[in-house]
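S.K.: Structure incoming, see below.
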């Protein structure tokens, strides 16, 4: 019934337009404005309820799509912010690790150098003391040429032995410093590898969104 009534109103509107008085020198016609509004209102009222419901569904669908797009943008923005936070945190931790490793290495090198200086000083003092003792004994036996010569030879041997000990200590200290530097290189390398893995995970997280 509603469909039929709507067709009647449409026919009436069509007749109204077809029989309207033409305006000279144009394709326009003069119409009864109130009559036209009434016909349009009648046609709208006569439309099936399904069409009205369909329009409501379309409007709701648009609202849902708009809300979904807004939520997607918010989610993407939150994900980017979280990813940036992870990268910044990883960079800060890496920098702290490098700074700590550098400070530790500098401290170890400083202590090793101090120990080396102390060892060298003690070795030199021992050598000087041994040489002074040997010379003193030689002076006591100055009238005995053979004893003096033997004492001097012993002093030179002691001096050479002491020098050899100093050289060995030097070698040991520098070897220790080399080991410390290798440990530092390994620690920094491990931290850099950890940072690269964190960045790859962050990149994969962003790519999968």
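S.K.: Go through 121, 205 for me and flag whichever is assigned to a helix (DSSP H, G or I), within 51 Å of the chain's Cα centre (by Cα) and modelled with pLDDT under 85.
M.R.: Exactly one residue qualifies, and that residue is 205.
S.K.: Of the numbered conditions (1) at pLDDT below 80; (2) under 30 Å from residue 178 (Cα atoms); (3) exposed (fewer than 12 other Cβ atoms within 10 Å of the Cβ), residue 112 satisfies every one except a single condition; which is it?
M.R.: All conditions are met except number (3).
S.K.: Please find, among 131, 158, 184, the residue that is touching a residue at least 40 places away in the same chain (Cβ under 8 Å) and in a helix (DSSP H, G or I).
M.R.: The unique qualifying residue is 184.
S.K.: Report, by residue number, each residue of segment 173-209 that is surrounded by 14 or more Cβ atoms within 10 Å (Cβ to Cβ) and closer than 25 Å to residue 124 by Cα.
M.R.: 173, 176, 177
S.K.: Quick check: anything in segment 96-107 exposed (fewer than 11 other Cβ atoms within 10 Å of the Cβ), at pLDDT 75 or above and under 37 Å from the mean Cα position of the chain (by Cα)?
M.R.: yes
The values are calculated or read from the model by the stated rules, or taken from the named source; none is laboratory data. Since this is a predicted model, take the numbers as computed values, not measurements. All Cβ positions, even for glycine, are placed from backbone atoms using ideal geometry, and neighbour counts span all protein chains on display.
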